[in-house]
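Quick notes on the structure that follows.
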Amino acid sequence: MNIGEKIRNKREDMDLSQADMAKLIPMNQSNYSKIERNVQEPNLEQLRRICQILKLDPRYLLDLGEFESISQSDIQLIHDIKEFIKKHNFD
């Protein structure tokens, strides 16, 4: 599924019209329609607003997959390894 289809599906699930979306972004309805039809890509601000309005993760729209956050214990482990390397001159 491409970005326009994902946006259109979610918009329809939320019972919003293209005119509603264009007004909320804000942008011209004709240009919004082009985004859903994959004729035009949204700029960064439009993408941000679309995600905000439709409560979508931009990674989903951009097919970037799931990213797990690094836990505090992993951060501490990385820090400890860096300190060990410095201490033992493994530069």
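Any residue that is in a helix (DSSP H, G or I), among the small types (Gly, Ala, Ser) and surrounded by 11 or more Cβ atoms within 10 Å (Cβ to Cβ) - is there at least one of those in the range 25-33? Steps first, please.
Filtering the range 25-33 down to residues in a helix (DSSP H, G or I) leaves 29-33.
With the extra rule that they be among the small types (Gly, Ala, Ser), the set shrinks to 30, 33.
Now drop any that are not surrounded by 11 or more Cβ atoms within 10 Å (Cβ to Cβ), which leaves 33.
Within the range 25-33, one or more residues are in a helix (DSSP H, G or I), among the small types (Gly, Ala, Ser) and surrounded by 11 or more Cβ atoms within 10 Å (Cβ to Cβ).
Pairs please, first residue from the range 28-57 and on the phi > 0 side of the Ramachandran plot, second anywhere and surrounded by fewer than 15 Cβ atoms within 10 Å (Cβ to Cβ) and not charged (D, E, K, R), Cβ atoms under 8 Å, 6+ apart in sequence or on different chains.
Short answer, once both residue conditions are applied: 38/2.
Conditions (1) loosely packed, with under 15 Cβ neighbours inside 10 Å; (2) assigned to a loop (DSSP other than H, G, I, E, B), marked per residue:
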residue	(1), (2)
9	yes, no
12	yes, no
20	no, no
39	yes, yes
47	no, no
52	yes, no
79	yes, no
85	yes, no
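Coordinate-derived values only; no laboratory data. The structure presented is a predicted model; accordingly, all values stated were derived computationally and were not measured. No Cβ is skipped: glycine too gets one built from the backbone with ideal geometry, and neighbour counts run over all protein chains shown.
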